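Where a number appears in this text, it was derived from the coordinates with a stated rule and is not lab data. Predicted, not measured: the structure shown is a model, and the values here were computed from it. Virtual Cβ from ideal backbone geometry, glycine too; neighbours counted across all protein chains shown.
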Amino acid sequence: MAAGGCCRVPNVVDRLWAFMGMMRLKRLRSPIVKCLNISSPDFSKERRMTGYCTSCIIHPCKHAQLQTSCFGVFLSEKFSTSCLQSQVPVVNKPGTDSEVFPDPHKLVATDLADMYLEIKKELWVPKKELEQISSYYFDGQGKVFRPMLVCLVSRALHFHIHHEKRLLDSQRKIALVSEIIHTASLVHDDVIDTSDARRGKPSVNLIWGQKKAILAGDFILSKAARILAKIGSEEVIVMLSEVLLDLVQGEFMQMGSKENESERFSHYLQKTFKKTASLMAYTCKAVAYLAGADEKLQEAAFQYGRNVGIAFQLIDDLLDFVSSQAEMGKPATADLRLGLATAPVLFACEKFPELNFLIMRRFSEPNDVERAYEAVMKSEGLEHTRMLAQKHCTEAVRHIALWSDCLEKKALVTLANKVLNRKK
């Protein structure tokens, strides 16, 4: 560990992060972000620019060599990868804890108060069964993560650009669209995966059958397109159309496996961007455009959404191994049973190369799922997955570091931390 460094990351994660920085993929680039040596001149420059150490994210900590506060990541003891040195409370400053670390949900509660009612109103159709199927997942039980993200980025950028706290009606519509597209993708995913449960209740396809579920998913997407058309911005329509393209391509990528072992993680990360992060990235960029942001700010919003989205999926893949069905609303090790090799498995291959044979046959032989699960639990696959997610969250925060300070910006930092520490 570098002298004075605040975190130590295994070589396998650093090598992957470096490789991701060199990948020549459309919109999928990740500069290497290494732990800063706080004894170097670069640290003070970084701190002047951002106000906190980029190797940490949120909870208050103080390094022994640095007599000032920074944002550090709080992780569970099992996966703790933030400050290896002892943490002590930040010196008391004016303002309450809620002002320093605002609750993202509370900040946008008014913005999203009637969201599900509005969505159900959009989904109204004389054919009652179609309305019932299409509105089934809009029951208020979702995380509302994507609309919350969109509203916070919108308000943070309005404050940065116009020095006012405001959410445009068009930006709020993007928030609704983000939830609608996401839910439509869940309906289609459940059909493809022949899932029996979603959010702790029977899935759409289990109740109404696959044909009606597919049509309902298409219907939901058509409503999203209609809302986008009403916004009246060609640029926004183009941006959000990329999300639909990515969703389909990502699903096709998930159906295949790379024979070349060295290409598997690249394939996995591309798929992760397309299936999960693309929606967050492009909706953040769309509301930045609607706020009057220049290309540089639009890119910063895009990169924040992209990195948070990738981290979100990495943690989701981790939880598939450690959370119960009651917590996740779906069976544990569901990905393995679907034949999917996610980050924990790919990292576990470093210690157990024999996993590569199981990956190629998509865990289809008897006891393959059990063997893969055991290998992951005996390896550092879960820890490395969390560390990679932490790097993406750190990168997300770095991209908004120069935005003007406001509660919404701080809430975006909090949101990155919540992604790392979520349980479901």
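Couple of notes before you dig in:
- Cross-link table Lys211/Lys391; Lys120/Lys212; Lys230/Lys410; Lys201/Lys409; Lys127/Lys173; Lys106/Lys271, entries beyond 30 Å C-alpha to C-alpha: Lys211/Lys391; Lys230/Lys410; Lys201/Lys409; Lys106/Lys271
- Point-to-point label distance, Ala401-Lys423, nm (Cα→Cβ direction, 7 Å offset): 3.3
- Difference of contour (0.36 nm per residue) and Cα-Cα distance, Ala113 to Phe357: 82.9 nm
- Dipole magnitude (debye, nearest 20) for the range 142-217, charges at Cβ of Lys, Arg, Asp, Glu: 240
- With both labels modelled 7 Å from their Cα along Cα-to-Cβ, the Glu350 to Trp124 distance reads 5.6 nm.
- A simple spin-label model places pseudo-atoms 7 Å from Cα toward Cβ; at Leu338 and Lys230 they are separated by 3.2 nm.
- Stokes-Einstein D (µm²/s) once Rh is taken as the Kirkwood radius of the range 105-421 over alpha-carbon pairs, at 37 °C in 0.692 mPa s: 162
- Glu370/Lys106 FRET efficiency (R0 41 Å; Cβ-Cβ; nearest 0.05): 0.40
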